[in-house]
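**Q** Pasting a structure below so you can have a look.
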Amino acid sequence: MNRSRAATYARRRKRRMAKVEHDLTDAQWAAILEAWAGCAYCGADGAALQKDCILPISRGGRYTLANVVPACRSCNASKCNLEVVTWMRRKKLDERAFLVRQAETLRALISGGDQAAV
Ligand SMILES: [Zn+2]
């Protein structure tokens, strides 16, 4: 009985935290999707892409422009709350290419407001 109460409490708190930390706008998310044009980790396109926090929420990450990339369902589920470099190495993905591209994409997103018109 106690346990389920605690679980409910934890779930509520989690939801509340997620709300507070979420400051990525829909427009920013659309721009991120367009910039990557596929899964940020494995490059899959055409898949349903989900918001993935590079630094997981459980490790202090937030849903912000600098911390969110599109991930396919498979990458998102597999990465879960692992540290991104650890996970990419384990998956034999090119974490260096990812980090470089992520930095470039972020720079373009921040500076590119006007010229970003399709
Ligand atoms: Zn992927």
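**Q** By how many degrees, 0 to 90 and rounded to 10, does the Cα axis of helix 95-111 deviate from the longest principal axis of the chain?
**A** Value to nearest ten degrees: 80.
**Q** Please report, in cubic angstrom per residue, the volume enclosed by the convex hull of the alpha-carbon atoms of the chain.
**A** Each residue corresponds to 119 Å³ of Cα convex hull volume.
**Q** Continuing with the same structure: Amide H of residue 68: which non-local residues (sequence gap of 5 or more, or other chain) have their own amide H closer than 5 Å, using H built in the peptide plane?
**A** 54
**Q** Where does helix 26-36 land angle-wise versus the long Cα axis of the chain, in degrees 0 to 90, nearest 10?
**A** In the chain, helix 26-36 runs at an angle near 50 degrees to the longest axis.
**Q** Would you count, across the chain, every pair of lysines whose alpha carbons are under 18 angstrom apart, provided the pair is eight or more residues apart or spans two chains?
**A** Lysine pairs satisfying the spacing and distance rule in the chain number 5.
**Q** Okay, moving on. Once the Cα atoms of helix 2-21 and of the chain are each reduced to a long axis, what angle between those two axes, in degrees from 0 to 90 to the nearest 10, is obtained?
**A** 30
**Q** Report the GluC sites (Glu not before Pro) located in the range 49-111 that are in a DSSP loop and have at most 13 other Cβ atoms inside 10 Å of their Cβ, or state none.
**A** 83
Bear in mind these aren't lab numbers, they're just calculated from the coordinates by the rules spelled out. Remember, predicted model here, so these are calculated numbers, not experimental data. Heads up, the Cβs are rebuilt from the backbone with ideal geometry, glycines too, and the neighbour counts pull from every protein chain shown.
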